[in-house]
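Asks: Structure below; questions to follow.
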Amino acid sequence: MEAGDDGAPTDDAAAGVRGDGLAAEAAADVNGTMTNVMAALRALNAIDCVERQQALRAFHDRWQDTELVFDKWLTLEATAPGPGTLARVEALLAHPRYDAGNPNRVRALVGAFCRANPLRFHAEDGSGYAFLTRQVLSLDAKNPMIAARLTNTLARWRRFDAGRQALMRAALTEIVDSPGLSKDCYELASKALA
């Protein structure tokens, strides 16, 4: 990206970014090859714009009945860096095609948010950790293995700043202290706290 003498982006550089966004939007045409469409959607996913929303909506409408491609769409939604991503992920839990009993769906939405969206998952207010805790406790009775794997996302709490460490430890403690918790979740959460 070009910069002026003061280091700020020039109008030409800003126009290039807008042009790249438009190029990505054009490439995201749902009738293109899946490789090109996914590459374009990943590029658009980093930009909070109307074109992104339109492209994702078109992709969803075209592919929602194809299992693996629907999972790709969920992952795109979960990994968007925009400020409304957690709210969007929570809303998608109620999508008619989302099934918490399907481990691939859970990994595509909840797992992708927690593992592949560090900006939003590790939000300073702890909202990502609270979301994960609710999901783990909800999923544990249905699928303890997937719940345990999600719990493991909090295991590296020591690598974060003091504020996030406290929030992650609190989430792990809430999981460990939950009555009726599966052996799988208990072992991972208690080991992470040790």
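The values are calculated or read from the model by the stated rules, or taken from the named source; none is laboratory data. Not measured: the values here are computed from a predicted model. As a convention, Cβ positions derive from the backbone with ideal geometry for all residues, glycine included, and neighbour counts pool all protein chains shown. These accessible areas exclude ligands, DNA and RNA; they are computed on the full protein's heavy atoms, side chains included. Shrake-Rupley method; radii C 1.70, N 1.55, O 1.52, S 1.80 Å.
Asks: Counting only heavy atoms of the protein chains, get the accessible area per residue of segment 98-194 (1.4 Å probe) and round it to a whole Å² value.
Replies: 50
Asks: Right, something else. Output needed: percent of Cα pairs per 10 Å distance bin for segment 82-139, bins running from 0 to the one holding the longest distance.
Replies: 23, 60, 17, 0
Asks: Could you please report the charge total around Leu68, scoring K, R as +1 and D, E as -1 over all other residues with beta-carbon less than 15 angstrom from its beta-carbon?
Replies: In short, +1.
Asks: Still on this structure, I have one more. For Glu187 paired with Ala141, estimate the spin-label separation in nm (one decimal), with each label point 7 Å from Cα along the Cα-to-Cβ line.
Replies: Modelled inter-label distance: 2.3 nm.
Asks: Follow-up. So if we plug the beta-carbon distance of Leu68 and Ala162 into 1/(1 + (r/R0)^6) with R0 = 30 Å, what FRET efficiency do we get, rounded to 0.05?
Replies: Computed FRET efficiency for Leu68 and Ala162: 0.15.
Asks: Another one. By the gyration tensor of its Cα atoms, with a ≥ b ≥ c the square roots of the eigenvalues, what is the shape of segment 28-128: rounded for a/c under 1.5, prolate for a/b over b/c, or oblate?
Replies: oblate
Asks: Under the rule a/c < 1.5 gives rounded, and otherwise a/b versus b/c splits prolate from oblate, where does segment 96-189 land using the Cα gyration tensor?
Replies: oblate
Asks: Calculate the spin-label point distance for Gln54 paired with Ser127, positioning each point 7 Å from the Cα along the beta-carbon direction, and give it in nanometres.
Replies: 2.7
Asks: Can you give the accessible area of Cys49, probe radius 1.4 Å, in Å² rounded to 10?
Replies: Roll a 1.4 Å probe over it and Cys49 shows about 30 Å².
Asks: If you don't mind, there's one more thing I want to ask. Net charge within 13 Å of Cys185 by Cβ-Cβ distance, Lys/Arg positive one each and Asp/Glu negative one each, not counting Cys185 itself?
Replies: -1
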